[in-house]
Amino acid sequence: MIKVHIDLNLCQSHGECVAIAPDLFQLDENDFISWQEEVDDSRRADLEAAVNTCPMTAIRIEG
Amino acid sequence: MRLVIVGASLSGLRAAQAARRAGHEGELIVIGAEPHLPYTRPPLSKELLQGKQEIEDSALPVDELDVQWRLGTEATGLDRTRRRVRLQDGGEEHYDRLIIATGCRARRFDGPGAHLDGVHTLRTLEDAVALRAALASTRRLLVVGAGFIGCEVAASARSLGVEVTMVDIASHPLVPFGPALGKRWAQMHRDHGVELRLGPGLEALYGDTGSERVAGARLSDGTSVEADTVLIALGATLNTEWLTGSGLELDPGVACDPTLTSTRDPEILAAGDIASVPAALAGGARVRVEHWTTAAEHGQLAGRNALVAHDERTAHTAPPYFWTDQYDAKIQALGCPALAEHSELLELSPDGGRFVAACVQGRLVVGVVAVNAARRLAWYRRALQTPRPLTELKEALAQEDATLGSPVGAMP
Ligand SMILES: Cc1cc2nc3c(=O)[nH]c(=O)nc-3n(C[C@H](O)[C@H](O)[C@H](O)COP(=O)(O)OP(=O)(O)OC[C@H]3O[C@@H](n4cnc5c(N)ncnc54)[C@H](O)[C@@H]3O)c2cc1C
Ligand code: SF4
């Protein structure tokens, strides 16, 4: 499994991660981000794309 | 395989990372004119200028990339027959595949007084540090150009308590978003105390007699503005001089096919602000996008595509996304609003502070602009994978129950 972290001090709700993997990342009605914290290895490519496209470099993955 | 990337900023870094991740084991050389490892530019006009972030915070994570960095080194020429990039220090780098990621620099004012102290542009970290220091003792800042960077700096300067005058020859700020929304941005800046002078252009800068320090500007309508600091924010110029004589097609960006491969040479790709790439929303015409997310996406794709033969490369299809933060408005846009003929409000919150507008060309929606509505924008991203008629988008919207609210009347 891959652990996913988002630094909420950095996240500015750009929604890039949501566009790349809507099943793993969501914005709520107040535009706050929520996400799945443990993700199957098969989704590594999507997670890496999210990490590299987040304008705030707020997303970190481990494992 | 020896992969050389010229330009050590966002798209160059993303290309290097993607190439390694896709299994590139050969040499990887990144040549960058700036002395720094890659950093991110958006905070330079926002958080960094406002003092909410420090220089270190704008560094982009570089991981444990196995890269030979050639920093502080400008590429001065490209010899495609010998596959060599010429360097400013007289050296050369041989490549098997080359990614061009040299982006843009700030366009300068070249009229009278351009050389005076206190006249700034904003593109690099050094520019931001210098402007921040200047603002600490500025009474009135003159911003020339009400585009994205001009408007952001005006907003940042107001948050620091600096008086601001902003001039533009256009009739409204943020021209790419069109006149209807433009009125709203103009009002937003006036509400925050910016003196907006729309219509006249900058004619000359002047200093006090015997002083090399800027004291004000003369405008084309004969009026003048007093200012002790000036930001020239007249857009960007492409860093393509080093490609002169290379035989690559410059339009004026590096002309590419949808896989970011240059039209004249399959061994050469381009990414980011410099790449001119066919876009579905522009009816297949090539467009250049000077925004962060496209540069990040281009870099990732160019890094992967550079490793495979031309016919195995994949196309860039994501519509442009970009944002700008001014005061308490987070303005986000999708697609190519600049191509639109008019805009139409689609959603509006009851308090008027959040909205979504469609940018329409003919019958087609070619872009969407959202203010403080990130979640709604995500919906439009899915809905706008291809250009869609406005009527169809409105029908889809009618089925949506999570909208901000329906707009009554004209533009906000
Ligand atoms: C102040 C500011 C604020 C911004 N804010 C936003 C924002 O809010 N939202 C948004 O979407 N976008 C924003 N942008 C735009 C975004 O930063 C750019 O789209 C992005 O930086 C493009 O990346 P790039 O790698 O293509 O080019 P660049 O970042 O321009 O990098 C090109 C690099 O190549 C180097 N180079 C040039 N010529 C040579 C040469 N001959 N040899 C070697 N190296 C060379 C340059 O020194 C530079 O480091 C902003 C830009 C600025 C300047
Ligand atoms: S892409 Fe980054 S800034 Fe945007 S919502 Fe996701 S984590 Fe937040």
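The values are calculated or read from the model by the stated rules, or taken from the named source; none is laboratory data. Everything numeric in this text was worked out from a predicted model, so none of it was measured. With ideal geometry, Cβ positions are generated from the backbone for all residues, glycine too; neighbour counts draw on all protein chains shown. Note: accessible area is taken over every heavy atom of the protein model, side chains too, but ligands, DNA and RNA are not part of it. Shrake-Rupley method; radii C 1.70, N 1.55, O 1.52, S 1.80 Å.
In chain B, the DSSP-assigned H stretches of four residues or longer account for a calculated mean residue ellipticity at 222 nm of -6500 deg cm²/dmol, using -39500 (n - 2.57) per stretch and the full residue count as denominator. The mean number of Cβ atoms from other chains found within 10 Å of a Cβ in peptide A:28-34 is 3, as a whole number. Averaged per residue, chain A has 50 square angstrom of accessible surface, using a 1.4 angstrom probe with ligands and nucleic acids left out. DSSP bridge analysis restricted to the protein assembly as shown gives an antiparallel fraction near 65%, rounded to the nearest 5. Ranked by the mean number of other Cβ atoms within 10 Å per residue, highest first, peptides B:206-217, B:327-338, B:390-401, B:234-245 order as B:327-338, B:234-245, B:206-217, B:390-401. Separation of segment B:38-86 and segment B:366-396, taken as the distance between their Cα centroids, equals 33 angstrom. Chain B against chain A buries an accessible area of about 1700 Å², both chains summed, 1.4 Å probe radius. Sorting the segments A:54-61, B:220-227, B:67-74 by their residues' average number of neighbouring beta-carbon atoms within 10 angstrom, most packed first, yields A:54-61, B:67-74, B:220-227.
Within 10 Å of the Cβ of each residue in A:52-59, the mean number of Cβ atoms contributed by other protein chains is 5. Residue ranges B:56-66, B:41-51, B:114-124 sort as B:41-51, B:114-124, B:56-66 when ordered by packing (mean number of other C-beta atoms within 10 Å per residue, highest first).
For the peptide B:291-300, the mean number of other protein chain Cβ atoms found within 10 angstrom of a residue's Cβ is 3. Cross-link partners of B:Lys330 among lysines, defined as those whose alpha carbon lies under 22 angstrom from its own and excluding same-chain residues fewer than eight positions apart: B:Lys46, B:Lys52, B:Lys183. Does segment B:328-410 come out rounded, prolate or oblate by the C-alpha gyration tensor, with a ≥ b ≥ c the root eigenvalues, rounded set by a/c under 1.5 and, if not, prolate when a/b is larger than b/c and oblate if not? Rounded shape, in that the Cα axes give a/c under 1.5. Mean-square fluctuations from a GNM of chain B, with a 10 angstrom spring cutoff on Cα atoms, peak among B:Trp379, B:Trp292, B:Trp185 at B:Trp379.
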